[in-house]
Amino acid sequence: MPDIRFEDLIEAHHDEIHRYLWRWALTSSGSDPEADAQDLTQETFLRAFNAFDHLRPGSNHRAWLYKIATNCARSAWRKAGRVPTAPEAAIERFPEHSASAPEQHVVDRGRDMILRQALAELPVKQQAAVTLRHLQGLDYPAIAAALECSEDSARANVYQGIKKLRQSLVRREEV
Amino acid sequence: MSQYHDRDEARWAEDLRRSLPAPSAEAAAQSRARVNAWFESAAPTIVWQRWSTPIGPLFLAAGGEGLIRISYQESQAAFLAELDRRARLVEDPEVLAPYRRQLADYFAGERDRFSLPLDLSRLTDFQKRVLTTIGRIPAGAVWSYRQVAEAIGKPKAARAVGQALGSNPLPIVLPCHRVIASDGSLGGYAGGLPIKRRLLKLEGAQLI
């Protein structure tokens, strides 16, 4: 029997799981990332609920939820086809940076959008690893549990992902 | 040299956060409300209460299918931890009144069998078999663990019977207190041996 109640699991982790899936939705081809993130979050907790009795006491339930969320995102993109966000579409849905000057604003926005697209072009496991590490703040044991791989492999996926992001940004800059 | 060479971890994290910002607070609240609404409709509800009885405090819990738990646990947290982790818990003595009424009659010596819906769905088949079998022991009588084992057709399983009785979720109603060791000693009891002795006396059992 798990050592946490399901309602406490929702209370403690809903927001970060939603944030994680929202970030997946931002790098997908869907036209409504807010609705997609909501659907995926709902699906994640539904799957978690059905599998909850198998969660062993003492296991990392946060990493377990991330594992389910990652699988949900994966199967959604597999169904829909994971086409990287087109630059124009990405710009449209990009939130405003209110503090910066208008010209700087455009430059920042362009660069942020390029980074988003570069992330979307990574292999799924690397995108997940980079997102979990640098955006969701998970440590490597938790990333390994979420991606069902060794800690070394989790590190390698973050490293390779960042390396490819760097190459991709340099390439775009040269163009 | 490109600005993208030799960037440290913190810098990547910062750039990625700017590129993929968190959702708005409204979007997060909307999603949370949706998940909570689904949970309320999907999860089983368990109502519970702490109740003072002549034999001491008891915790009771029931779901839609019937009584789930009668517990001698002293701490509320330990009692709640025994209940289905997926369920929504609601403290509501009102709903439990019908269960309390029959138990109160029993403690007053005015009833020696119960007609209450019981939810045994979380038990193994073996536990169910043992617990429904001991329901046939009349008030005032006692069986040995071995007799119960024989009654379920597994004469060598006296120890397993003892374990199944030890995890009886519905003591008193499923009268595991009526099972004692074959040498006449009381054996064990979740509520402690003084309570076991007291229940047997209440029922008029002849003890050595």
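Restricting the search to segment B:175-202, which residues are part of a loop (DSSP other than H, G, I, E, B) and crowded, with 18+ Cβ neighbours inside 10 Å?
Answer for segment B:175-202, where residues must be part of a loop (DSSP other than H, G, I, E, B) and crowded, with 18+ Cβ neighbours inside 10 Å: B:P175, B:G187, B:Y189, B:A190, B:G191.
Kindly indicate which of B:S24, B:S52 is more than 30 Å from A:L115 (Cα to Cα), free of Cβ contacts under 8 Å to residues at least 12 places away in the same chain, loosely packed, with under 15 Cβ neighbours inside 10 Å and hydroxyl-bearing (S, T, Y).
Matching residue, one of B:S24, B:S52: B:S52.
Between a first residue in segment A:51-76 that is closer than 10 Å to A:L40 by Cβ and open to solvent by less than 10 Å² (accessible area, probe 1.4 Å) and a second residue that is of a type outside the set (A, V, I, L, M, F, W, C) and outside any loop (DSSP other than H, G, I, E, B), which pairs have beta carbons less than 7 Å apart while being 6 or more apart in sequence or on different chains?
Pairs found: A:A69/A:Y20; A:A69/A:T44; A:C72/A:E43; A:C72/A:T44; A:C72/A:R47.
Residues checked against (1) more than 9 Å from chain A (Cβ to nearest Cβ); (2) open to solvent by 50 Å² or more (accessible area, probe 1.4 Å); (3) under 30 Å from A:D53 (Cβ atoms); (4) assigned to a helix (DSSP H, G or I):
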residue	(1), (2), (3), (4)
B:W12	no, no, no, yes
B:R17	no, yes, no, yes
B:Q30	no, yes, yes, yes
B:F39	no, no, yes, yes
B:V47	yes, no, yes, no
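Would you mind telling me which numbered condition in (1) crowded, with 18+ Cβ neighbours inside 10 Å; (2) part of a strand (DSSP E or B) B:V90 fails?
Exception for B:V90: condition (1).
Which one is most open to solvent (accessible area, probe 1.4 Å), of the residues in segment B:150-169 that are more than 15 Å from B:I195 (Cβ to Cβ) and in a loop (DSSP other than H, G, I, E, B)?
Among those that are more than 15 Å from B:I195 (Cβ to Cβ) and in a loop (DSSP other than H, G, I, E, B), it is B:K156.
Determine which member of the set A:E173, A:E148 is open to solvent by 60 Å² or more (accessible area, probe 1.4 Å) and not in a helix (DSSP H, G or I).
The conditions single out A:E148.
Inspect all residues belonging to segment A:23-40 and state whether any of them is open to solvent by less than 60 Å² (accessible area, probe 1.4 Å) and within 19 Å of B:E40 (Cα to Cα).
yes
The values are calculated or read from the model by the stated rules, or taken from the named source; none is laboratory data. Bear in mind that the values here come from a model prediction, so they are computed numbers and not experimental data. Here Cβ is always computed from backbone atoms with ideal geometry, including for glycine, and neighbour counts include all displayed protein chains. Ligands, DNA and RNA are stripped out before the accessible areas are found, and what is left, the full protein with its side chains, is counted by its heavy atoms. Shrake-Rupley method; radii C 1.70, N 1.55, O 1.52, S 1.80 Å.
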